[in-house]
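Data block below; observations after.
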Amino acid sequence: MSKTHPTLTIDLNHGAKVLEVPTGQTLLAALKAQEVHLASACGGKGLCGFCKVKVLFGAPAPGPVDKQKLSEDEITNGMRLACQMELSPGADLAIEVAGTLLPARSYRAVVERIDPLTYDINHVRLRLVDPAAMTFEPGQYIQLDRPASAECPGVSRAYSMASRPSETDIVELMIRRVPNGMMSVWVHECLAIGDEVSLTGPFGEFALSSRKLPMVWVAGGSGMSPFWSMVHHLREIGNTRKVYFFFGAVALRDLFLVDEWRTLEAELDWLEFIPAISGGEENWDGERGLITEVIARHLPEIPSPLEAYLCGSPGMCNAACNVLTDNGVNERMIFFDKFA
Ligand SMILES: Cc1cc2nc3c(=O)[nH]c(=O)nc-3n(C[C@H](O)[C@H](O)[C@H](O)COP(=O)(O)OP(=O)(O)OC[C@H]3O[C@@H](n4cnc5c(N)ncnc54)[C@H](O)[C@@H]3O)c2cc1C
């Protein structure tokens, strides 16, 4: 007979939901079981620091991981990491999570296509099955699950959606193969057309503002993913905001969808596509240099004030942010989606 745990009550967002959940698990797991999906790129291991909740009542003392991932102000204001909070009998809670998280839920989907974009990036197209549609903003991400097996304990990883919100039954991802990566190697080597996968989402606040300012977009590698969603969304809604998309790569083999972006650029008078390679290959008539150097060369021609959206490795995002602020771009107008 399985052991049953006593329950406790969690008041979510001032009574928006009141949950009766078993103790003996983390708050993150308890919320997930009730279809309240907090962002958690590391799957609850205390590595990403994404699963923040504000504990209004019943906050435990902050643990070492809370102290590492949260600022002193956040801790003083009752923020805790849900993956670090073990639920114990009698310790009822009142918590607050971002309202944008409440629509996140789990989905079953079927792999419809897998297309290589480069030697290490695959474009994966999933068709949602249950539920069969997702509402999201271009720029948001989902968490893909790899089921537990003899080789792997079961992991969940964040991937930005490349698909457009109007195709509500489709989730497209651009996934780079990370050497020895538990999820990305599985996606590249094991996932096949027709397979069923589970995912949760949508998550994230990397979304286009409603300002009318020109936008600089900067990406490297699979960091193109949210911009592919954004450009198609903007095209569909009849955008007129100017967009300058800087796409950086080391070598020609790292560039992808260049012809498709150039076709979009020819069609859309608000789009400028600026791909660049930093290596010395001959067969390339586009921009050369580190993407930061290319941005610095172009910034004087771009009307300001402007907004900047950066997506890719933390190193690239930080370097691009520095070059933008050094050239007078307001830090508060720079938005990130760091793949870390
Ligand atoms: C909000 C968000 C959105 C993301 N969107 C995308 C996306 O659209 N496309 C995409 O390809 N990735 C994206 N990522 C990264 C993705 O979530 C995984 O971290 C990545 O796929 C590696 O997972 P893994 O399980 O394969 O590797 P792991 O098993 O977690 O890591 C294996 C080893 O590689 C190292 N490692 C982990 N990540 C990287 C990396 N990016 N580069 C180099 N070394 C690494 C680790 O330190 C470890 O040593 C996103 C991350 C975040 C936080």
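Listed values, structure above:
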{"item": "Number of the condition not met by Ala158 [criteria: (1) hydrophobic (A, V, I, L, M, F, W, C); (2) in contact with an Asp or Glu (Cβ under 9 Å, 6 or more places away or on another chain); (3) within 30 Å of Val250 (Cα to Cα)]", "result": "(2)"}
{"item": "Selection status of Pro103, touching a strand residue (DSSP E or B) at 6+ places or on another chain (Cβ under 8 Å) and without any contact (Cβ under 8 Å) to a residue 24 or more places away in the chain", "result": "no"}
{"item": "Tally, over region 207-244, of residues that are of a type in the set (Val, Ile, Thr) and either within 16 Å of the ligand (Cβ to nearest atom) or within 17 Å of Tyr141 (Cα to Cα) (or both)", "result": "2"}
{"item": "Positions within region 119-147 being surrounded by 14 or more Cβ atoms within 10 Å (Cβ to Cβ), more than 13 Å from the ligand (Cβ to nearest atom) and among the aromatic types (Phe, Trp, Tyr), in sequence order", "result": "Phe136"}
{"item": "Count - residues of region 215-240 that are outside any helix (DSSP H, G or I) and open to solvent by 10 Å² or more (accessible area, probe 1.4 Å)", "result": "5"}
{"item": "Matching residues, region 166-188, being open to solvent by 10 Å² or more (accessible area, probe 1.4 Å), within 6 Å of the ligand (Cβ to nearest atom) and closer than 13 Å to Gly154 by Cα", "result": "Gly181, Met182"}
{"item": "Long-range neighbours under 9 Å by Cβ, at least six apart or interchain, first residue among the small types (Gly, Ala, Ser) within region 112-138, second open to solvent by less than 70 Å² (accessible area, probe 1.4 Å)", "result": "Ala132/Tyr107; Ala132/Thr168; Ala132/Asp169; Ala133/Thr168; Ala133/Asp169"}
{"item": "Meets criteria (crowded, with 23+ Cβ neighbours inside 10 Å and either within 12 Å of the ligand (Cβ to nearest atom) or not assigned by TED's automatic domain parsing to the domain that holds Glu272 (or both)) for Phe203", "result": "yes"}
{"item": "From Ala133, Ala207, Ala158, Ala148, residue being within 12 Å of the chain's Cα centre (by Cα) and assigned to a loop (DSSP other than H, G, I, E, B)", "result": "Ala207"}
{"item": "Selection count where residues are out of contact with any strand residue (DSSP E or B) (no Cβ under 7 Å at 6 or more places or on another chain), surrounded by 15 or more Cβ atoms within 10 Å (Cβ to Cβ) and farther than 18 Å from Val178 by Cα, scope region 307-340", "result": "2"}
{"item": "Qualifying positions in region 41-57 - among the aromatic types (Phe, Trp, Tyr) and within 9 Å of the ligand (Cβ to nearest atom)", "result": "Phe50"}
{"item": "Tally, over region 100-109, of residues that are at pLDDT below 90 and either over 28 Å from Arg127 (Cβ atoms) or not small (Gly, Ala, Ser) (or both)", "result": "5"}
{"item": "Odd one out for Asp195 among (1) within 12 Å of the ligand (Cβ to nearest atom); (2) open to solvent by 40 Å² or more (accessible area, probe 1.4 Å)", "result": "(1)"}
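For every residue, the table says whether it meets (1) out of contact with any Ser or Thr (no Cβ under 8 Å at 6 or more places or on another chain); (2) in a strand (DSSP E or B).
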{"residue": "Phe273", "(1), (2)": "yes, yes"}
{"residue": "Glu281", "(1), (2)": "yes, no"}
{"residue": "Asp285", "(1), (2)": "yes, no"}
{"residue": "His298", "(1), (2)": "yes, no"}
{"residue": "Pro303", "(1), (2)": "yes, no"}
{"residue": "Gly315", "(1), (2)": "yes, no"}
{"residue": "Asn322", "(1), (2)": "no, no"}
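The values are calculated or read from the model by the stated rules, or taken from the named source; none is laboratory data. Note that this is a predicted model, so its numbers are computed, not measured. No Cβ is skipped: glycine too gets one built from the backbone with ideal geometry, and neighbour counts run over all protein chains shown. Ligands, DNA and RNA are stripped out before the accessible areas are found, and what is left, the full protein with its side chains, is counted by its heavy atoms. Shrake-Rupley method; radii C 1.70, N 1.55, O 1.52, S 1.80 Å.
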